[in-house]
Amino acid sequence: MKLSELLTAPNQLTLLRMVFLPFIIIELLGGRYQWALILFVLAGFSDGLDGLLARKLKQQTVIGQYLDPIADKLLLSTIFFALSVLHQIPWKYTVLVFTRDICIVVVGSIFYLVAGLRDFRPSIFGKANTFAQVAAVFFVLLFHVHHVRWVDITRLTFLHATLAFTIVSGVHYCILVGQRMRSHGAVG
């Protein structure tokens, strides 16, 4: 990895997203949900902006391909954990989110080390899962700021969507890994 890759604007925005995380958690633990929501929205904005800049400035890097999903998983998993500790998200959602993400990282690392397999682009189900998680966190936080029925219903809808897409994307990931391993001749 070249230092110049890390210093590109998109990768700096990805690193900035990681910097938001402790401040979001501090605000959550302090019961300041409005500030946590504002910081979460800013982190989400930086996520969209880093991808846009990478494409527009032609600054897509190998480190960015790894750093961006790591930042997303770190942000979402940690916030899910904090919200479960605070009894705002039931533990079953957090356990599934963590289990899926840990399995993906472990399996991906093993296949990379053993077979040199690096092609782990997110599937449509993985993208839907990330969207559902982001929306679930957003509406859980918004519910504390704006305590109305439609926000509560939307919060519950996205929590259920997170549960479904976490399971579906996890199973789909296992199928894709098996197919990629067979196509690379890594299994016999």
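In the stretch 161-181, the residues that are under 16 Å from A136 (Cα atoms) form Cβ pairs under 6 Å with partners that are of a type in the set (D, E, K, R) and modelled with pLDDT of 85 or more, at six or more places apart or across chains, as follows: T166/R100.
For the stretch 16-25, a tally of residues being surrounded by 15 or more Cβ atoms within 10 Å (Cβ to Cβ) and more than 13 Å from A36 (Cα to Cα) returns 3. Modelled with pLDDT of 90 or more, not aliphatic (A, V, I, L, M) and not assigned by TED's automatic domain parsing to the domain that holds F158: does that describe F20? The answer is yes for F20.
Of the residues making up the stretch 167-188, those that are surrounded by 13 or more Cβ atoms within 10 Å (Cβ to Cβ) and either under 13 Å from F80 (Cα atoms) or small (G, A, S) (or both) number 3.
Of the candidates L75, L42, L113, the single residue that is outside any loop (DSSP other than H, G, I, E, B), surrounded by 16 or more Cβ atoms within 10 Å (Cβ to Cβ) and either at pLDDT 85 or above or out of contact with any helix residue (DSSP H, G or I) (no Cβ under 7 Å at 6 or more places or on another chain) (or both) is L75. Among the conditions (1) at pLDDT 85 or above; (2) touching an Asp or Glu at 6+ places or on another chain (Cβ under 8 Å), R180 misses just one, which is (1).
Of all residues in the stretch 29-51, those that are out of contact with any Asp or Glu (no Cβ under 9 Å at 6 or more places or on another chain), hydrophobic (A, V, I, L, M, F, W, C) and without any contact (Cβ under 8 Å) to a residue 60 or more places away in the chain total 5. Tallying residues that are part of a helix (DSSP H, G or I) and surrounded by fewer than 20 Cβ atoms within 10 Å (Cβ to Cβ) within the stretch 83-92 yields 4. In this structure, A128 does not qualify as touching a Leu at 6+ places or on another chain (Cβ under 6 Å) and in contact (Cβ under 8 Å) with a residue 40 or more places away in the chain. Only a single criterion out of (1) in contact (Cβ under 8 Å) with a residue 40 or more places away in the chain; (2) among the polar types (S, T, N, Q); (3) farther than 21 Å from V137 by Cα is not satisfied by Q65, namely (1).
Against the definition (within 13 Å of the chain's Cα centre (by Cα) and part of a loop (DSSP other than H, G, I, E, B)), how does P122 come out, yes or no? Considered against the rule, which asks whether it is within 13 Å of the chain's Cα centre (by Cα) and part of a loop (DSSP other than H, G, I, E, B), P122 comes out as yes. Once the stretch 29-39 is narrowed to residues that are of a type outside the set (S, T, N, Q) and in contact with a helix residue (DSSP H, G or I) (Cβ under 8 Å, 6 or more places away or on another chain), the residue that is nearest to S84 (Cα to Cα) is L29. Just to be sure, is L142 at negative phi and either at pLDDT below 85 or in the same structural domain as P22 (by TED's automatic domain parsing) (or both)? No; evaluated as a whole, the condition is false for this residue.
The values are calculated or read from the model by the stated rules, or taken from the named source; none is laboratory data. As the structure is a computational prediction, the values presented were derived from the model and not from experiment. Positions of Cβ are generated from backbone atoms using ideal geometry, with glycine treated the same way; all protein chains shown enter the neighbour counts.
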